[in-house]
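Heads up: the structure comes next, in structure tokens.
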Amino acid sequence: MSQSTPSDSEGGGRAAAAVQLVLRAAVGLHFVGEPVPIEVELRNVSDTDVWIVGVLDGSEAGIRFPHYGSSVLYNGQAVAEPWAEDPLVGPLLRSHFRRLSPHEGFDPTTGEGGAGLPLTVFTQFRPAAEGRYQYRLTFSTESTRPEQWFGRFGQRDDERDVLLDLISRVPRRVLTATTDVTVRT
């Protein structure tokens, strides 16, 4: 897999420098009309435990936090971005939160920790022409209110305090990672 170029801007929460976002594209040839396998990793780069949430319904389109804004660029222009989803996203659950030990990483798209939907921009996009493509992912936990993490239906009031506590443990960050891919015919 080829390594990404991660960058970030610090947010205002605990453990400000605790998480790193990495994208990797499979090493080898990539062809027009075929999806490019992209791996995503969130890694705890601190010496303390960090709480994190994977991709939830509505995360990729920015309907709820955490945001996982994916895109693909070709010649500097976006050729694939998330499309509008149904705003009626399901409830946030305790099982969506994952505790990462120091220096542990996980793929937020795999379902570990109860969350983990695939990033549809990456799984559905098929390059239409030869050239160099840039796959980009921006991860954000910088909500202005913790309720912006909740679902639009089915959210249980009896779990509200527990969920608010868990949300407060997630580091507030905006992280962006990219990986470049060359596509051939």
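Here is a list of conditions, (1) part of a strand (DSSP E or B); (2) hydrophobic (A, V, I, L, M, F, W, C); (3) touching a Pro at 6+ places or on another chain (Cβ under 8 Å), and Val174 meets all of them except one; can you say which number that is? The single condition Val174 does not satisfy is (3).
With respect to (1) modelled with pLDDT under 95; (2) open to solvent by less than 70 Å² (accessible area, probe 1.4 Å); (3) touching a strand residue (DSSP E or B) at 6+ places or on another chain (Cβ under 9 Å), the lone exception for Gly28 is condition (3). Among the residues of the stretch 94-152, the ones that are loosely packed, with under 15 Cβ neighbours inside 10 Å, among the polar types (S, T, N, Q) and assigned to a loop (DSSP other than H, G, I, E, B) come to 2 in all.
Checking every residue in the stretch 163-184 against the condition of being touching a helix residue (DSSP H, G or I) at 6+ places or on another chain (Cβ under 6 Å), surrounded by 17 or more Cβ atoms within 10 Å (Cβ to Cβ) and not charged (D, E, K, R) gives at least one match.
For the stretch 153-162, taking the residues that are part of a helix (DSSP H, G or I) and touching a residue at least 60 places away in the same chain (Cβ under 8 Å), the one that is least open to solvent (accessible area, probe 1.4 Å) is identified as Glu159.
If you filter the stretch 31-72 down to residues that are open to solvent by less than 30 Å² (accessible area, probe 1.4 Å) and aromatic (Phe, Trp, Tyr), you find that the one that is farthest from the chain's Cα centre (by Cα) is Phe65.
The values are calculated or read from the model by the stated rules, or taken from the named source; none is laboratory data. All of these numbers come straight from a predicted model, not from anything done at the bench. So basically every Cβ, Gly included, is an ideal-geometry build from the backbone, and we count neighbours across all protein chains shown. Areas reflect the complete protein model, heavy atoms only, side chains present, ligands, DNA and RNA absent. Shrake-Rupley method; radii C 1.70, N 1.55, O 1.52, S 1.80 Å.
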